């Protein structure tokens, strides 16, 4: 028997549990003014200007004051809601608004739904009341949902999740057997009390049964909070094929280089396994807008690829089939076909937001992925080559912006951060509780002749169309959705690992394990929201 002692103070590389994450956020979140003061204090204490090694050997001069840069704040876009609401248009203030007196611009329709409760702490009488209030909220916000579940709402054993989901699917299928083409459209799930089951639920629902699901935390379900129900209704609507809001300028055809010609907007991301998981593949996700001129609905595709491979391998594929001959496939091609099926038109312009690329990989990613886009277009129609704008989205950097004067309310939002839509594009251009982190956009390739102002305005405006909340987000939604889709797909192959953070051994796999296929009816909606 061997005994080893683990030295303290080492970096923990596995995924933190919920309590650890909460404690970490509490310890690290700082208001902007406090963070700025801490940075200045650290610089003064280290006294870099007098350090001989820093000054003489490296030739670095460190000023004690932060650099002052010019910035401008882009105006927020006007958002369009349904005309039957008391407020059909809204001008967001400081990146925020709410759903009071508003109805979703396009409410989804759900005829067949039910609910399963896996929580022991939720009394069996609560799920029906929770679902009643949730459906009432959805209907009040513009959706059309049958208030009655297709089968009775019931509780199930959290140790037999897969069996419970299969039973629900079987019962609903039997109930709808005499209605051709009809199926369960939404399954509300109250999660178990112990975390770790979310991944299994999503894998079974989306890849085995073809069920669109909405998971709810048991402690939230018990509160019956109107705000929580409203937030969940936003997610349910897009999962039912609806739209929560659209840009008013999109409806009016006033967005340059987007609404004048059919335009498809892509978002792409690659997520990698946690440190130590040498056998897990990387997951690539690509989403693309399926409506024009609204550019609000996004269809998502995912693919597994070699461990820690950053370039997306399945954008375009060509292989020899013994019967069909040369077969063209890939995510770009599939999304182009889906766009044409959805809008009745082929895209005349491509805008591609690519997340997760470091500066050292810019040229490599651009070369490979632009070539894949070109080849995919060429297989759809002879001579088909729509102009492309390729933009890299970077969030992982250490640049922070602070207001020049924290006391001036016209320079800050409610948290003390710089205002949403702030653009800094000179001098240095090569969040809710803490200090906001600006997103850095690099335009690597542009055939659409965007002006800097035009692309900045488009990107800023899109940040107000994120489906899951009524506030602007700090990263353009197509890239955000691609990240969500890639993160979701990891559950399909890692199951509980994604929650527990356990590792998968040390032998690196030479071939990427393929992902289970997502059912077509699930792919048709924004299932990853």
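Key figures for this structure:
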{"read-out": "Cα gyration tensor shape for segment 1-137, rounded if a/c is under 1.5, else prolate or oblate", "value": "oblate"}
{"read-out": "Relative packing of peptides 479-490, 217-228 - highest average C-beta neighbours within 10 Å first", "value": "479-490, 217-228"}
{"read-out": "Angstrom value of the Kirkwood radius, inverse mean 1/r, which spans all Cα pairs in segment 141-190", "value": "12.4 Å"}
{"read-out": "Space enclosed by the convex hull of the alpha-carbon atoms of segment 247-523, per residue, Å³", "value": "163 Å³"}
{"read-out": "Helix-derived mean residue ellipticity, 222 nm - over the chain, DSSP H n ≥ 4, -39500 (n - 2.57), to 500", "value": "-9000 deg cm²/dmol"}
{"read-out": "Rounded, prolate or oblate (a/c below 1.5 giving rounded, otherwise prolate when a/b exceeds b/c) for segment 104-239 by Cα gyration tensor", "value": "oblate"}
{"read-out": "Stretch gain in nm, segment residue 397-residue 425, where the contour uses 0.36 nm per residue and the Cα spacing is subtracted", "value": "8.5 nm"}
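Every read-out reported here was derived from the displayed coordinates using simple, explicitly stated rules and does not represent laboratory data. Values in this document were obtained by computation on a predicted structure and should not be read as measured data. Note: ideal-geometry Cβ built from the backbone for every residue, glycine included; neighbour counts use all protein chains shown.
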